[in-house]
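The values are calculated or read from the model by the stated rules, or taken from the named source; none is laboratory data. Just so we're clear, the structure is a prediction, and the values are computed from it rather than from any experiment. Using ideal geometry, Cβ is built from the backbone for each residue, glycine included, and neighbour counts are taken over all protein chains shown. The accessibility values were calculated without ligands, DNA or RNA, using every heavy atom of the protein model including side chains. Shrake-Rupley method; radii C 1.70, N 1.55, O 1.52, S 1.80 Å.
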Amino acid sequence: MNAQLDFLAVLSDWPMLLVGVGWTLALTAMAMAIGLVVAVACGWVRNEGPAWLAAPVAAYVEVIRNTPFIVQLFFVFFGLPSLGIRLSPTFASVLAMTLNLGAYGAEIVRAGLLSTPKGQIEAAQSLALTRFQVFTRVVLPPALKRVWPALVSQIVIVMLGSAVCGQIATEELSYAANVIAAESFRTFEAYIVATVIYLLLAISLRRALNWAGPRFIFGR
Amino acid sequence: MVQFSNWDILRNLIFAAEWTIVLSLIAFVGGGLVGGCLLVARLWRGGWVNHVFNGYVQLFQGTPLLMQLFLSYFGLRLLGVEVSVWVSASLALTLYTSAFLAEIWRGCVAAIPKGQWEASTSLALSFGEQLRHVILPQALRIAIPPTVGFLVQVIKGTALASVIGFVELTRAGNMIANVTYKPFTVFAFVGLMYFVICYPISLYARYLERKTHVARR
Amino acid sequence: MSLAAETAPVAPIVEIAGLRKSYGTNEVLKGIDLKVAPGEVVAIIGKSGSGKSTLLRCINGLEEFQDGSLTVDGKPLLTDSPGAMRELRQRVGMIFQSFNLFPHLTVGRNVMLAPTLVKKRGKAEAEAQAKALLERVGLADKFDAMPDQLSGGQQQRVAIARALAMEPAVLLCDEITSALDPELVGEVLRVVERLATEGMTLLMVTHEMAFARKVSSRVVFMHLGRVHEIGPPSEIFGNPQTPELKQFLSSIHE
Ligand SMILES: Nc1ncnc2c1ncn2[C@@H]1O[C@H](COP(=O)(O)OP(=O)(O)O)[C@@H](O)[C@H]1O
Ligand SMILES: [Mg+2]
């Protein structure tokens, strides 16, 4: 039995790991960009949207939240082609991650919207703002600010969950680890290295988003 | 090629769902025990145990469950133990669950006012007596809803055990999809089965949460 | 009376010498010396932040201190020995500003909990004792009530009964009426006053100056972590020596 660990064999393939990290971050960034929009839209619909929209949105949220991400991914990648919708691994990954983040984010955003003081809405209405303006200018920014830490946590969870996307040959970090493991026969070391990188990514992503949120995403 | 009716697919999936449930229960019970011990150690000793506890939680919450499963699977083999995938999957999911439950419960204990510890200390209760008679009964009440809610996460987490070859609902879905060439139907059914298992638990957790909120007001 | 207490041959029940306590670099107690004889009622007064609570919390080991010595009943406080601390805490009861009743237990069970666990009393005996104590604080009919069904004054009286159930030699009271509505203060103070006349040794931090004057045998004025002035109430209130105490008293009388 070979109990000697050899991390160099894995680390020498650093360009491969780097590409994996790049893809993991790219997938996460895309899912985040679209997923947050979905989350806000769905959060709004569930709170004050028309009933005919609220019901399907509620169904979407509950279905996503009560099924595993890997099944959602397999459904998108393996299942949808039966309907003639053939997606590349990358596209399928982004779609599944976006749907996932959108559903969890919707519940978070909704809680934030619900905690808006009544007086603020009334004050804005008394200034003759349209309903849309009241929402985007008065209600949404402070609500997002309140729930931003929760949204950041959810984005980190989605980033970590993207490790599953390697299973449909999306070339993200876990896929890189799979390839290196197969080529170097240093399976355990490859996954240790990948796990450590994921941990660092999770920590830095959380920091970065907590820092960036107030500055770029919802202003001040 | 054998023809599979939808009913055949569903029947096979139901068989496989049994293993999803068994694995979930192993992880949940095992994780509860390990997580409970971790929390008690932290409450008892504090100091450096706090750091170990936080590191443990951070480690399992900050890395993909899939990687944890791989490490458990290949790590055990590297140690020379030729174990079944049952052991690898149970180990990884138990540790994963323990970290989350420990952290959830830590929050619940922290929500108990400091005065409860101080009053019971000043009445000469030992640490164990404080925990058993004063702190835990109060913490338990607020811990139940999020704990039940986390069970849903555990059940969904077991789907990843399919990747290391554990045959449960998702793995069975993969296998059936491969032989039937009906991936759309099969994965829709797989999703449906998870939903049927998880959704009632989610609803129950939400109901419990509302109940404790009202009771505390 | 205070002079008698200083010179009496009886051993002090609480003896504090050179006690120093810091939080980080912030020294909160800067060398406290204090002897309390059995049956004495010591009122501790002083501005907020002067270290009154910290002193009381040191006496029953809720806080560890860095320097000096503290004995209760002649036994030194050993904060690193849980067994010794439990022994000590059976001799020292404490009542808190915020009552700290156990909300999941009935009033009766609140009182019975420590005697049954720590003193290994039988249930019937503990129950009889709890009923007697509740009677003593005027709450005989609340045995089966839950704490949140009681007023603040009633809760605090239960807390007193709960502390008395351990038959302590000393009772520490930290601003026990500060969280109460004004009309409920009296009922709690009357209970404390009765304890004092029955000979219980009391150390109480209080802002009720009239009460301190009436009930205490000695008054300790704390200032910036030191015992700034100490003496019988007539002296402390009637003839304050230091400008700090004068200023403190006049700020109270506003
Ligand atoms: N747990 C603590 N950590 C840090 N500082 C504390 C703590 N408790 C009290 N202090 C500080 O110790 C000083 C004395 O506090 P305390 O004994 O509560 O005063 P008092 O009861 O006379 O109002 C204060 O300056 C307070 O800020
Ligand atoms: Mg105080």
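Worth a mention:
- Helical runs assigned H by DSSP (4 residues or longer) give chain A a calculated mean residue ellipticity at 222 nm of -23500 deg cm²/dmol, each run adding -39500 (n - 2.57) before division by the residue total.
- Reduced Cα scattering model of the stretch C:156-254, Debye log10 I(q)/I(0), q = 0.12, 0.14, 0.20 Å⁻¹: -0.43, -0.58, -1.08
- Shielding by other protein chains, A:74-81, mean Cβ within 10 Å: 6
- Within the straight-line cut-off of under 30 Å between alpha carbons, the lysines reachable from C:LYS35 are B:LYS114, C:LYS21, C:LYS47, C:LYS52, C:LYS75, C:LYS119, C:LYS214, C:LYS246, sequence neighbours fewer than 8 places apart in one chain being disregarded.
- The interface between chain C and chain B buries about 1700 Å² of solvent-accessible area in total (1.4 Å probe, ligands and nucleic acids excluded).
- Between C:ILE95 and C:LEU172, C:CYS173, C:ASP174, the built amide H atoms are under 5 Å apart, and every one of these is 5 or more places off in sequence or on another chain.
- Protection proxy ranking of A:25-38, A:205-218, B:180-193 - average other beta-carbon atoms within 10 Å, highest first: B:180-193, A:25-38, A:205-218
- Working note: 222 nm ellipticity from helices only, DSSP H runs with n ≥ 4, each -39,500 (n - 2.57), summed and divided by the residues of chain B, gives -27500 deg cm²/dmol to the nearest 500.
- Stokes-Einstein D in µm²/s, Kirkwood radius over Cα pairs - chain A at 25 °C with 0.890 mPa s viscosity: 128
- Per-q log10 I(q)/I(0), the stretch B:6-216, q = 0.10, 0.15, 0.16 Å⁻¹ (Debye; single scatterer per alpha-carbon; no solvent): -0.53, -1.00, -1.08
- Shielding score for C:93-106, defined as the mean number of other chain Cβ atoms within 10 Å: 5
- Listed values for the stretch A:122-130 are Karplus-derived 3J(HN,Hα) couplings in whole Hz (6.51 cos²θ - 1.76 cosθ + 1.60, θ = phi - 60°), namely 5, 4, 5, 5, 5, 8, 6, 6, 6, and x replaces Gly and Pro.
- Förster radius 30 Å - calculated FRET efficiency between A:ALA9 and A:ALA29 (Cβ-Cβ, nearest 0.05): 0.45
- Among C:ALA130, C:GLY74, C:MET204 - extreme Cα towards positive end, dipole of the stretch C:72-221, charges at beta-carbon: C:GLY74
- Separation between Cα centres of the stretch A:60-86 and the stretch C:21-75, rounded to whole Å: 66
- Highest to lowest packing among C:114-121, C:176-183, scored as the average C-beta count within 10 Å: C:114-121, C:176-183
- Debye intensity ratio in log₁₀ form over the Cα atoms of the protein assembly as shown, taken at each q of 0.05, 0.09, 0.11 Å⁻¹: -0.36, -0.92, -1.10
- For the peptides C:32-38, B:68-74, residues were scored by their other Cβ atoms within 10 Å and the scores averaged per peptide; the highest-first order is B:68-74, C:32-38.
- Karplus 3J(HN,Hα) series, Hz, for the stretch C:215-228 with 6.51 cos²θ - 1.76 cosθ + 1.60 (x for Gly, Pro): 9, 7, 8, 9, 10, 10, 9, 9, 8, 6, x, 10, 7, 7
- Given +1 at the Cβ of Lys and Arg, -1 at the Cβ of Asp and Glu and no other charges, the dipole of the stretch B:6-216 around its Cα centre is 440 debye to the nearest 20.
- Sum of side-chain charges, C:PRO147 neighbourhood, beta-carbon under 13 Å (Lys, Arg +1; Asp, Glu -1): +2
- Each Lys and Arg contributes +1 and each Asp and Glu -1, all at the Cβ; summed about the Cα centre of the stretch A:25-173, the dipole is approximately 360 debye.
- Ranked order, A:PHE135, B:PHE28 - accessible area, probe 1.4 Å, largest first: B:PHE28, A:PHE135
- The amide H of C:HIS228, built 1.01 Å from its N in the peptide plane, has C:PHE221, C:MET222, C:HIS223 as neighbours under 5 Å, considering only residues 5 or more places off or on other chains.
- Karplus-derived HN-Hα couplings along the stretch A:153-163 (A = 6.51, B = -1.76, C = 1.60, θ = phi - 60°), whole Hz, x at Gly and Pro: 4, 5, 5, 5, 4, 5, 4, 5, x, 5, 4
- Helix A:173-184 vs. chain A, principal-axis angle (Cα, 0 to 90°, nearest 10): 0
- Protein-protein interface of the stretch A:162-180, residues with accessible area decrease of at least 40 Å², isolated chain reference, 1.4 Å probe: A:GLN167
- Amide H contacts of C:VAL28 (H built 1.01 Å from N, in plane; Pro and chain starts excluded): C:LYS21, C:SER22, C:TYR23 sit under 5 Å, all sequence-distant by 5 or more or on other chains.
- Which of B:ALA111, B:GLY47, B:LEU101, positive extreme of dipole for the stretch B:6-216 (C-beta unit charges): B:ALA111
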